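Structure first, commentary second.
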Amino acid sequence: MTVATRLSADVAATVTAMAARVAEVDGVDGLSEQSTAAIRSDSVTHVVVRDGDESVLGYANITAGRDDDPAMIEAIVDPSVRRRGHGKALVRRAFDAAAGSARIWAHGNLPAAQALAASLHLTATRELLSLRRPLGLRNPLPPLVVPDDLLLRTYAGSDDDAEILRVNNAAFDWHPEQGGWSSADITARTGADWFDPAGVFLVFDRADPRTLLGFHWTKVHPAGTGERGVVVPAIGEVYIVGVDTGTQGRGLGRLLTLAGLHHLQSRDLSEVELYVEGDNTAALHTYQRLGFTQHSVDVAYG
């Protein structure tokens, strides 16, 4: 088992292909979007399980925590070699490599992950819920009504970035992944293949149209085909909804979410997903009233 700050191109390609197989077999991604992107970077610590010096059997990466936050681990084992102790050894080595407080994500919290956590005496410390809502004529959205005192528009370019960054870091100062963004985080997302400026919504007070009150980034995951020919339909995502502190009570979260949902429906998508912390009662209430129901749950163990 090796621990490294960067993987060779060949190993990175092998791990990426293994992650795709895991997703197809389990029906849920074993690695998050962030961790999948980090496979080819030196922004995380990589742990690789090999069969001697040959085949890659398992992989984990470790993202250092900000300030006092724990490090976050994500791990996968090739479906063809499961139940042979590789997962347990991999997770133990990853916790050792984290060298401090750490948590590990179990995406989908599948029975095998629960059993592994129990065998290592790990307990659930955080839940991230996946919610989904169908779109289309049979599942009509509430009308989008913008109050007269508010201005709702879409992303106009890099001049909006500073205000988006300010609101993001104020709204998510408690969040281990979403908080603490830099301008590079904004640039990375606006430069991504999936980015669509028409799918980013900003809301302002008409009396002060330069000070952002909140935003909603939407995202579209295109249709694809799995290794076994299974077609995965395109799906929209409520990617990030952020509302500035001190503006709660004006219904901005609902307004921004609904604006994004109408946009995604105009793209002829049949379903939309979002992720929300299991203890975020206010956000859960908003999303449930808009027709979202729970699809799956990711659990962080520590």
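Using the Karplus curve 6.51 cos²θ - 1.76 cosθ + 1.60 with θ = phi - 60°, what ³J(HN,Hα) values do you get for each residue of the stretch 76-86, in whole Hz, with x for Gly and Pro?
9, 10, 4, x, 6, 10, 6, 6, 10, x, 5
Quickly estimate the mean residue ellipticity at 222 nm for the chain, helices only: each DSSP H run with n ≥ 4 gives -39500 (n - 2.57), and the total goes over all residues, rounded to 500.
-9000 deg cm²/dmol
Would you report the distance distribution of C-alpha pairs in the chain as whole percents per 20 angstrom bin, up to the bin with the largest distance?
Going out from 0 Å in 20 Å bins, the chain shows 31, 56, 13, 0 percent.
Pulled fully out, how much extra length does the chain show between SER55 and SER266, if you take 0.36 nm times their separation in residues and subtract their Cα-Cα distance?
Length gained, SER55 through SER266: 71.4 nm.
Quick check: the angle from helix 161-171's long axis to the longest principal axis of the chain, C-alpha only, nearest 10 degrees?
It works out to around 70 degrees.
Accessible area of the chain with a 1.4 Å probe: how many percent of it is carbon plus sulfur?
Heavy-atom surface of the chain belonging to carbon and sulfur, 1.4 Å probe: 50 percent.
Can you tell me the length gained on complete extension of the stretch ARG6 to GLU127, counting 0.36 nm per residue apart and subtracting the Cα distance?
Between ARG6 and GLU127, full extension yields 40.6 nm more.
Please work out the average accessible area per residue across the stretch 41-149, using the 1.4 Å probe convention, and give it in Å².
For the stretch 41-149, the per-residue accessible area is 54 Å².
Rounding to the nearest 20 debye, state how big the charge dipole of the chain is about its Cα centre with +1 on each Lys and Arg Cβ and -1 on each Asp and Glu Cβ.
740
Got the relative contact order for the stretch 165-302 handy, in percent, Cα pairs under 8 Å and 6 or more residues apart?
Dividing the mean separation by the residue count of the stretch 165-302 yields 20 percent.
Can you tell which of THR245, VAL232, HIS263 lies farthest toward the positive end of the dipole of the stretch 200-302, using +1 and -1 charges on the Cβ of basic and acidic side chains (Lys, Arg; Asp, Glu)?
HIS263
Would you kindly derive the ³J(HN,Hα) couplings of the stretch 284-293 from the backbone phi angles with the Karplus curve 6.51 cos²θ - 1.76 cosθ + 1.60 (θ = phi - 60°), listing them in order in whole Hz, with x for Gly and Pro?
With the stated coefficients, the stretch 284-293 comes to 4, 4, 4, 5, 5, 5, 8, x, 7, 10 Hz.
To check you understand DSSP bridge types, tell me what percent of the beta bridges within the stretch 206-302 (both residues inside) are antiparallel, rounded to 5.
Taking every DSSP beta bridge within the stretch 206-302, about 75 percent pair in antiparallel fashion.
Give me the accessible area per residue for the stretch 188-302, probe 1.4 Å, as a whole number in Å².
49
The values are calculated or read from the model by the stated rules, or taken from the named source; none is laboratory data. If you're wondering where the values come from, they're calculated on a predicted model, not measured in any experiment. Cβ: placed from backbone, ideal geometry, glycine included. Neighbour counts: every protein chain shown. Please note that ligands, DNA and RNA were not included when accessible areas were found on the heavy atoms of the full protein model with its side chains. Shrake-Rupley method; radii C 1.70, N 1.55, O 1.52, S 1.80 Å.
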